[in-house]
Structures are given as structure tokens and as C-alpha cells.
Amino acid sequence: EMIDAIKQDTDHKKWHFPYTPFKDFGATMEQLLKAFITWSAKEDKPGFNVSKAFRRLDSYVTWMDQNSKDLEEPLTAQSVGSHYATWGMSATHDKQNRLVWWIDLGSIDLEKVKSTPAAESLRFFVWISHAVLFDNDCQENGMLMAESFSANMSAWEMFTMVPMELGAKLDRLTIGVLPIKMKKIFILLAPGWLRVLMAIMGPFLSKKMRQRMIVVKKSEDPQTILDEEFGREGIYPKFAGLEGKADKDIFGELLSKAGPVNAEEEELEA
């Protein structure tokens, strides 16, 4: 009903959600609205903050409209699937039915990333972001992220991986636009430069952000830490050399509509 009211109140194209990839996820406008409403709730308080939800929704439709030039071609698994293997990522559900987004920085094909047009990279991440947004377990229970620096990536490679303008757009999308509750971020095999950077930036981060970011120390066992947090069944196999028993990659399964997306996905299916 709220979506209908919005569409009646304005003729602006953006409020008809023309660039949202509903079809691939079997989603509707009502489900999109539900995601924003669910996001607005506080864990320790009953009810929802409709005003907060609408402000976030307005940020979302504005961002999509501002980037409409790159989204005119419909976002589909077929149109973005070829980029998946480039980014060394996967997704699972953990023992608490939260979505876990795994990023193995050592598996990223840096040459291919740099040779991919910025518009294509943006389209890929917008599609992946909606895979997260429309995941029911993620909406209800939130998301965690695990990043591995297994290739000992340099600071220069990290910060120049994508063009500055694209990076700014994606930061805005993931931090200030999407209705997703990030619970924790685990960083494994962190190089020295990252530890120094975290120490410098720590005092400027909010208490909540500091609590969310967990850098696994060299003296700690990452298997034990992630087993306790996610459960062995929630860990993606072979991530950062860990033992995992997750039986599927959520992103890979959705993108399989475009054909095989990477060798590991084929192994899991086998």
C-alpha cells in the first residue's frame, strides 16, 4: 500500500523502480519495501521506524536514478555473471541463518578487474547487492563479512583496484543506501600495513564500528574463531585454507542462470 501511495504522489520515473532487478530474485516491490521497513527496526525495541525506512528508500531510488545510465540495460544474471569469477567472492548462511559474504582478496584477478569497464563493474556489484537485499535470512538476521588477505596484497593494490569514482559510488551504495544490517566484519591474514592503518583510524571510528571489525591476530586460530561464530556448516570450503562444510554458494547458485561461474562452484555442485 505504501508503494502504491508513493507512485501516486509522484510521476518521477525513479519511484517506479525501473532499474531494480526484481525478476532474477522472484521479488516484488512489496518485498523491496519490506526490506527497508525491516531494516528500520532496532534489535532492543519493538516496532519499526517508518520515517527512517522512507529516508533510506529515498536514498536508494535516488542512487539508482543517478546511475541510470549504466543500468538502462536490464540487470540479469546473464548480463553480469561473467564477472563473478574475477572477484573471488561467495556467500553462505551460517548457523544463525545470517548471510555471510566471503571475499578472498588473494583470488581476485587484478588484471581483469583493471581491464573491466567501470560501468560493467558497477552493474555487477549492483546485482550482487540486490542478491543480498532480497535474501530473506539476511533481512531478518543481518549479514556478516569475512575478508582474507591470503595473497598479502599491498596497500597500493588495495586502494587502486577500482577507479576512485567507482569506489565512491559503491561505498555510497553499500554504506548509505542499502537496507542491510552489517553485524560483524572478520579480517583474516591481515598484512602489516592494514594493522597499522586500523590502529591509526581506530580512534576516529565509532564504538559500534570498532566492535564490528574483528581482525584475527596471528596468534589466534581463525578456524576456531569462525567455527564458533558461523558454525562449520556456514564456512565456505577452502576459504583462507579453512575447513568448511557449506554445501552451496548462494551467489553462485543465483548466477548459475548464466552458466558455470567458477571452478569451485562446479566442484560444490559435483
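None of the figures in this text is laboratory data; all of them are computed from the coordinates on show. Just so it is clear, the structure is predicted and the values come from calculations on it, not from any experiment. With ideal geometry, Cβ positions are generated from the backbone for all residues, glycine too; neighbour counts draw on all protein chains shown.
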Please state the Cα pair-distance histogram of segment 11-126 with 5 angstrom bins from zero: what percent is in each bin?
2, 9, 15, 17, 19, 17, 12, 7, 2, 0
For a paramagnetic label modelled at 7 Å from the Cα of residue 184 toward its Cβ, which residues of segment 84-119 fall within the zone defined by backbone nitrogen distances under 14 Å?
94-101
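Among 37-50, 233-246, 20-33, how do they line up from the highest to the lowest mean number of other beta-carbon atoms within 10 Å?
The densest-packed peptide leads the list: 233-246, 20-33, 37-50.
Checking the table 95/207; 14/69; 95/238; 42/208; 69/248 against a 23 Å threshold on Cα-Cα, which pairs fail? Working shown, then result.
Values: 95/207 26 Å; 14/69 13 Å; 95/238 18 Å; 42/208 14 Å; 69/248 34 Å.
Table pairs above 23 Å Cα-Cα are 95/207; 69/248.
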Sorted by Cβ neighbour density within 10 Å, fewest at the top, the residues 89, 182:
182, 89
Would you work out which of 255, 204, 119 lies farthest towards the positive end of the dipole of segment 79-269? Charges go on Cβ: Lys and Arg +1, Asp and Glu -1.
204
Stokes-Einstein D for segment 79-269 (10 °C, 1.306 mPa s, Kirkwood Rh from Cα pairs), in µm²/s, comes to 92
For the pair residue 224 and residue 165, what calculated FRET efficiency results from E = 1/(1 + (r/R0)^6), where r is the Cβ-Cβ distance and R0 = 41 Å, to the nearest 0.05?
0.50
